[in-house]
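Since the structure comes first, as structure tokens, the remarks are kept for the end.
The values are calculated or read from the model by the stated rules, or taken from the named source; none is laboratory data. Everything numeric in this text was worked out from a predicted model, so none of it was measured. As a convention, Cβ positions derive from the backbone with ideal geometry for all residues, glycine included, and neighbour counts pool all protein chains shown.
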Ligand code: HEC
Ligand code: HEC
Ligand code: HEC
Ligand code: HEC
Ligand code: HEC
């Protein structure tokens with residue numbers, strides 16, 4: 001009888017051990033419901049001593065990851081109803097919160113109360129969450145696979161003298177790009193990388209030179225990190241400025257356009273060549289929420305009488321190029337699933353002048369249609385974005401109109417940026433600021449039209 005259960009001992013021991021390990025270090029999906037809200041201190045508490053850092057954080061998107069209007073709309077109008085109808089994506093009902101409302105996710109408060117209820121889900125990516133993350137599970141950071149150990153002990157950059165409020169330890173992990181990658185890389189339920197900011201960075205020139213996310217998004221400046229603390233030459237500024245800071249976006253790409261001839265006659269065909277150079281980003285441009293973003297190049301010629309001629313980009317002929325040239329195609333039909341309208345015809349894919357070049361990666365749903373729902377993405381059409389320090393060339397063939405007046409013909413190229421494709425923003429009632437047009441850069445060249 002005794003002997004009979006003997007063989008179970010190692011099995012039980014193993015189960016206990018793994019339960020113990022599991023309890024200690026749940027990460028990613030497994031961390032759902034493993035903590036309480038009260039395990040974490042609210043940002044307001046940190047603000048009394050860390051005033052500047054607190055105020056910087058309140059202006060950064062990570063303090064609004066749950067409350068920001070577009071996040072609320074996409075989660076409640078699209079993701080939750082979609083998850084309730086389609087078993088493949090059912091996990092996102094909880095999973096979106098792993099990155100956007102991590103405290104609610106850890107507390108198992110799913111779906112969290114809407115932002116207007118002012119619950120602790122609204123703390124979004126909070127001070128205490130980041131400062132109690134001790135590492136991540138596995139080899140690749142993605143899908144909130146960070147490991148968090150809330151408590152008195154805060155992970156910091158220098159292991160300063162502890163304050164009455166907390167114990168401090170120096171964290172090497174917080175200083176790595178992998179820390180950011182735990183939320184800035186995302187794999188869809190179909191197993192494709194729908195967010196890959198850290199992976200793009202890792203393959204690029206900045207990683208090779210040791211320039212991390214922090215060096216561009218959390219820059220160092222002399223000052224104090226706490227009002228009663230020491231002065232340091234290199235206090236980490238919690239700016240986290242990105243797509244929502246027009247100043248950060250401006251100048252990211254540089255443009256230079258030149259003609260093949262400086263003088264031409266009406267009726268003559270000329271060629272213009274434009275070089276784009278990604279000068280500023282450590283990853284692709286655009287990155288992150290690539291499914292939402294639109295970057296497009298608009299080129300116009302303006303003659304001496306002020307008449308304007310739109311120059312469509314020359315086709316290059318690569319596979320999937322159709323996604324990179326603005327057209328009046330419809331797309332985003334898969335929103336119909338969440339909206340309860342299986343025959344939803346879709347919305348204009350681009351909403352920008354036809355023939356303009358678009359820099360994007362096409363996200364495709366299981367039926368092969370373009371989608372802005374990254375969780376419903378099964379494959380990609382084409383990746384035509386600007387990698388870090390990459391240059392791309394575009395050409396424009398232009399036949400000068402027969403009635404073009406003599407004098408200077410100015411050719412102006414403008415690179416525009418929009419956080420959310422306008423037809424989608426308008427349809428879902430997303431406030432206009434999310435689809436405002438930001439000019440990334442422009443350049444002009446002049447040709448003389450002979451009489
Ligand atoms: C716990 C998850 C998490 C971690 C860790 C994290 N982020 Fe974020 N981050 C987010 C989420 C979610 C958003 C999107 C906020 C929103 O809804 O617009 C975001 C937004 C941002 C933005 C703003 C983008 C914009 O649209 O303006 C920047 C910049 C950024 N993060 C940088 C970083 C850096 C640098 C690190 C590492 C030091 C980091 N993040 C670590 C979750 C995280
Ligand atoms: C009563 C004041 C007080 C409060 C409240 C407070 N801190 Fe601090 N904190 C300090 C002081 C003092 C330092 C040391 C500053 C220095 O290095 O001179 C510090 C340092 C830190 C550091 C840097 C550690 C390092 O080694 O670099 C982190 C991280 C930190 N605090 C996080 C937090 C978080 C998160 C909260 C809120 C949950 C918080 N603090 C609340 C006083 C406070
Ligand atoms: C060499 C500087 C540099 C480095 C390194 C860098 N970034 Fe950026 N990042 C930028 C600039 C400039 C922008 C603004 C243009 C844009 O939106 O892409 C930006 C934008 C972003 C955005 C918003 C993108 C969007 O379109 O919504 C996020 C998120 C972000 N960075 C996160 C990161 C993370 C995470 C890392 C590290 C893995 C990182 N960045 C490394 C310069 C950098
Ligand atoms: C997205 C994650 C994230 C959030 C949110 C965040 N921090 Fe930090 N914080 C960091 C990282 C990363 C570092 C240091 C990185 C390094 O060592 O280079 C840091 C550094 C610090 C430091 C030390 C600064 C220094 O140079 O001595 C303090 C203090 C601090 N944070 C407090 C706060 C407080 C208070 C909040 C909320 C108002 C907050 N942090 C929100 C990631 C975060
Ligand atoms: C692995 C972490 C992660 C998961 C899971 C995740 N997000 Fe995000 N989300 C981010 C990050 C990081 C950004 C910011 C990227 C950027 O700025 O380019 C972001 C950006 C967004 C934005 C765009 C914000 C803007 O300002 O343009 C929306 C909306 C959004 N997420 C909704 C969702 C929904 C809905 C889900 C679930 C279906 C989800 N997210 C799942 C990390 C995540």
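Observations on the structure shown:
- Candidates 306, 317, 282, 288: the one that is free of Cβ contacts under 8 Å to residues at least 24 places away in the same chain, more than 15 Å from residue 395 (Cα to Cα) and more than 16 Å from ligand 2 (Cβ to nearest atom) is 306.
- The residues on offer are 449, 438, 400, and the sole one that is within 16 Å of ligand 3 (Cβ to nearest atom), touching a residue at least 12 places away in the same chain (Cβ under 8 Å) and either within 24 Å of residue 351 (Cβ to Cβ) or touching a strand residue (DSSP E or B) at 6+ places or on another chain (Cβ under 7 Å) (or both) is 438.
- Residue satisfying condition, being within 16 Å of ligand 1 (Cβ to nearest atom), buried (at least 17 other Cβ atoms within 10 Å of the Cβ), more than 18 Å from the chain's Cα centre (by Cα) and outside any loop (DSSP other than H, G, I, E, B), within set 94, 83: 94
- Count of the range 23-51 residues which are at pLDDT 95 or above, more than 12 Å from ligand 2 (Cβ to nearest atom) and part of a helix (DSSP H, G or I): 6
- Test: residue 324 is within 30 Å of the chain's Cα centre (by Cα), farther than 30 Å from residue 449 by Cα, crowded, with 16+ Cβ neighbours inside 10 Å and away from ligand 5 (no atom under 16 Å from the Cβ): yes
- Any hit, the range 111-120, residues being within 27 Å of residue 235 (Cβ to Cβ) and within 16 Å of ligand 5 (Cβ to nearest atom): no
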